[in-house]
Amino acid sequence: MSHSVLIRGGTVVLPTGQKPADIAVTDGIITAIGSEVSDGAEVIDARGLVVLPGVVDSHVHFNEPGRAEWEGWEAGTRGAARGGVTTVLEMPLNAHPPTTTALAFDAKVAVASRKALVDFGLWGGMVPENLAELPALAGRGVVGFKAFMSESGIEDFHRVADGLLAIGLKVTARLNALVGVHAESHEMVERTTREVREEGRVDRLAWCRARPPAAEVEAIKRLLGCMRGAGKGVRAHVVHVSCAAGLAEVDAARTNGVAITAETCPHYLAFTEQDFERIGPALKCAPPIRDAATRDALWHALLAGQVDLIGSDHSPCRAADKRKGDDDVWHAWGGVSGIQATLPVLITDGLHARGLSLERIAYLTATSPAQLFGLYPRKGAIAVGADADFAVVDPQKQWTLDADALETRSGISAYLGQTFTGKVVRTIVRGRTVFVEDQVVGAPGWGQLVKPNAPHAN
Ligand SMILES: [Zn+2]
């Protein structure tokens, strides 16, 4: 039996701009956008609200199978639902086994299909041991391959030295697959970490000093070197760039025709080192939170168009693994739980504070990632024929994130107690409301696997 939904009277953010419109949905697909849309069986009143395309969060870690106690697919996608995230692209680590083989891919799809409330795609991993497995993973439908230039922090996911990365990029170029790179220079981070630790420092800012922006810049330069000669079709995407200097390297290469893109994350836009000093391990991540001048320069670069997309890098762990670093930053596990924060941060600090338009927010959080990872036009924009994935937001609503509204399993988030102007009030995945009236109403198992379009399909 067909199910129809009418979203009435909202300000709809379309690729062509925002306009007041009704949206008709039948069986999870957008069938009409306009002013003469007839009634649906379910009518959603969006007057006074903004309808954005659902966020395609291309960078999350749910850690299941293997480390479900760190988060898991249900808690992770409940957070997605609250954050207006309708599709997640999940990283190959820190699940166990990591998604570095076709078998591990199948195991993760099995658990995600049972538990996810929102749609999901999977990254594969590129590690020294699995270059021969990359074609099989590509065949399974990974959205890209994640590689680390520095230590990942986890024993079953090794970094690839430059020589291996160059070989891996040749393999992925032939597969027309994208490589997502954690770009911090292993050699530089190792040296600066040793220097800082020899001073006996255990304070929070020691972590920042040990991993300077220069380590990102050097790694990006070396990545570009590895891409040279990899062949036609080589594509790289630098995840979680924290500084404008890193973005400038990417931008300069792109100007010269290199197929390289860059992500930044809400926590680099929302917080400074002073916040990290005050909040502590909840904000420990790599690359680290930067000083205020670097943060402001990152915003400037974003507003100038040098950021391709925003991903949350939602990466939780057990509460105890954060708390043990309260007095000694080296002991805390790294990773920020931020899947709920992307839109609130971009609306509060972007739209209201810096004039970042809603169209640009839609592009950075939905259209751009959907295009880069081959999910467009099914995902990423509000258009007839696309999946009916929406984040309905009240851009003027002031609110504070409290513990009741935080889904992450550990209960730990740097955003707890933060006040925002701009709230997700409803999230819709393929026509089904999964979050409304401050309640997650979606059901595990609703989420479906998405795979990239065949090469050159768009
Ligand atoms: Zn990550």
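Below are the figures for this structure:
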read-out	value
Long-range neighbours under 8 Å by Cβ, at least six apart or interchain, first residue open to solvent by less than 80 Å² (accessible area, probe 1.4 Å) within segment 31-47, second assigned to a loop (DSSP other than H, G, I, E, B) and modelled with pLDDT under 95	E42/H3
Failed item in (1) touching a Ser or Thr at 6+ places or on another chain (Cβ under 8 Å); (2) part of a loop (DSSP other than H, G, I, E, B); (3) open to solvent by less than 40 Å² (accessible area, probe 1.4 Å), with E129 passing the rest	(3)
Any pair with Cβ under 6 angstrom, 6 or more apart, that starts in segment 13-24 at a residue that is in a loop (DSSP other than H, G, I, E, B) and ends at one that is of a type in the set (G, A, S) and open to solvent by less than 20 Å² (accessible area, probe 1.4 Å)	P15/A381
Members of segment 153-180 that are at pLDDT below 95 and either open to solvent by less than 30 Å² (accessible area, probe 1.4 Å) or in contact with a Leu (Cβ under 7 Å, 6 or more places away or on another chain) (or both)	I154
Within segment 368-404, tally of residues that are under 21 Å from the mean Cα position of the chain (by Cα) and open to solvent by 20 Å² or more (accessible area, probe 1.4 Å)	5
Odd one out for S150 among (1) within 22 Å of A286 (Cα to Cα); (2) part of a loop (DSSP other than H, G, I, E, B); (3) more than 16 Å from the ligand (Cβ to nearest atom); (4) touching a residue at least 60 places away in the same chain (Cβ under 8 Å)	(3)
R409 vs. criteria in contact (Cβ under 8 Å) with a residue 12 or more places away in the chain and among the basic types (K, R)	yes
Selection within segment 48-65 - away from the ligand (no atom under 16 Å from the Cβ) and assigned to a loop (DSSP other than H, G, I, E, B)	G48, L49, G54, P65
Residue in segment 196-207 that is in contact (Cβ under 8 Å) with a residue 24 or more places away in the chain, touching a helix residue (DSSP H, G or I) at 6+ places or on another chain (Cβ under 7 Å) and among the aromatic types (F, W, Y) present	yes
Unique residue being open to solvent by 10 Å² or more (accessible area, probe 1.4 Å), hydroxyl-bearing (S, T, Y) and within 16 Å of the ligand (Cβ to nearest atom) when the list is S357, S337	S337
Identity of the residue in segment 287-328, outside any helix (DSSP H, G or I) and aliphatic (A, V, I, L, M), that ends up farthest from the chain's Cα centre (by Cα)	A304
Counted residues, segment 153-192 - those being of a type in the set (G, A, S), in a loop (DSSP other than H, G, I, E, B) and away from the ligand (no atom under 16 Å from the Cβ)	3
Enumeration of residues in segment 25-47 that are more than 28 Å from the chain's Cα centre (by Cα) and not in a strand (DSSP E or B)	S35, E36, V37, S38, D39, G40, A41, R47
Given (1) under 22 Å from T192 (Cα atoms); (2) assigned to a helix (DSSP H, G or I); (3) within 16 Å of the ligand (Cβ to nearest atom), number of the condition A282 does not satisfy	(1)
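The values are calculated or read from the model by the stated rules, or taken from the named source; none is laboratory data. Note that the structure is a prediction, hence the values are computed from the model and not measured. So basically every Cβ, Gly included, is an ideal-geometry build from the backbone, and we count neighbours across all protein chains shown. Surface accessibility is based on the protein's heavy atoms, side chains included, excluding ligands, DNA and RNA. Shrake-Rupley method; radii C 1.70, N 1.55, O 1.52, S 1.80 Å.
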